[in-house]
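Participant: Below is a structure I'd like to ask you about.
None of the figures in this text is laboratory data; all of them are computed from the coordinates on show. Since this is a predicted model, take the numbers as computed values, not measurements. Here the Cβ positions follow ideal geometry from the backbone for every residue, glycine too, while neighbour counts run over all protein chains shown.
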Amino acid sequence: MRKNQNLIRGKLGEEIACRYLMSLGYEILLRNYHKSYAEIDIVAGIDDLIVIVEVKTRRFNPDILARESVNLQKQNKIIKLTKEIVSEYHLYDYDIRFDIIECYWDTRQIVHIENAFEV
């Protein structure tokens, strides 16, 4: 049962993140782009920038922030998958930025970390 609740919360967090980004003028280009080894939650665009967004939905805990779960191994998988997206959709002329959006469902807080990591 807990796994299903986490999946539901995760999808809800992604929907909240999409609405948040759209309210800032971003266009949602892709959602849940995945290969066998990784998934990218949101690919958004604004101006000449492609933003790869990892969404983390959690209960707020000041001692363990959601962003901490996006470790180096996860970052490398996201970067590898981003290279495939750039190639598949011919996005060579765009700058790429990696963001994390934390959605804390109990406090209804959204934290947007721009440039959370780099290639």
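Participant: Nearest 10 degrees, 0 to 90: what angle lies between the long axis of helix 2-23 and the longest principal axis of the chain (Cα atoms)?
Facilitator: Roughly 50 degrees between the two axes.
Participant: Can you list the HN-Hα couplings for the stretch 61-72, worked out from phi with the Karplus curve (6.51, -1.76, 1.60; θ = phi - 60°), rounded to whole Hz and with x for Gly and Pro?
Facilitator: Once θ is set to phi - 60°, the couplings for the stretch 61-72 become 9, x, 8, 9, 7, 4, 4, 5, 7, 8, 7, 4 Hz.
Participant: Please give every one of the aspartates and glutamates within straight-line cross-link reach of Lys77, meaning a C-alpha to C-alpha distance under 15 Å, and leave out same-chain neighbours fewer than 8 residues apart.
Facilitator: Glu39, Asp41, Glu54, Asp99, Glu118
Participant: Tell me the label-point distance for the pair Glu118, Leu29, using the 7 Å Cα-to-Cβ offset, in nm and rounded to one decimal.
Facilitator: A separation of 2.0 nm, rounded to one decimal place.
Participant: Taking DSSP loops as anything outside H, G, I, E and B, show the longest stretch in the chain free of chymotrypsin sites (Phe, Trp or Tyr not before Pro) there with at most 11 other beta carbons within 10 Å.
Facilitator: 38-91
Participant: Only four residue types carry charge here, +1 at the Cβ of Lys and Arg and -1 at the Cβ of Asp and Glu. Report the dipole size of the chain about the Cα centre in Debye, rounded to the nearest 20.
Facilitator: 780
Participant: Right, next: Report the convex hull volume per residue for the chain, counting only C-alpha atoms, in Å³.
Facilitator: Considering the Cα atoms of the chain, their hull volume per residue is 106 Å³.
Participant: Could you give me the ³J(HN,Hα) list for the stretch 99-104, computed from phi with Karplus coefficients 6.51, -1.76, 1.60 and θ = phi - 60°, whole Hz, x at Gly and Pro?
Facilitator: 10, 10, 10, 9, 10, 9
Participant: While we're here: To the nearest 0.05, how large is the calculated FRET efficiency for Gln109 and Asn4 if R₀ is 30 Å and r is the Cβ-Cβ distance?
Facilitator: According to the calculation, E is roughly 0.80.
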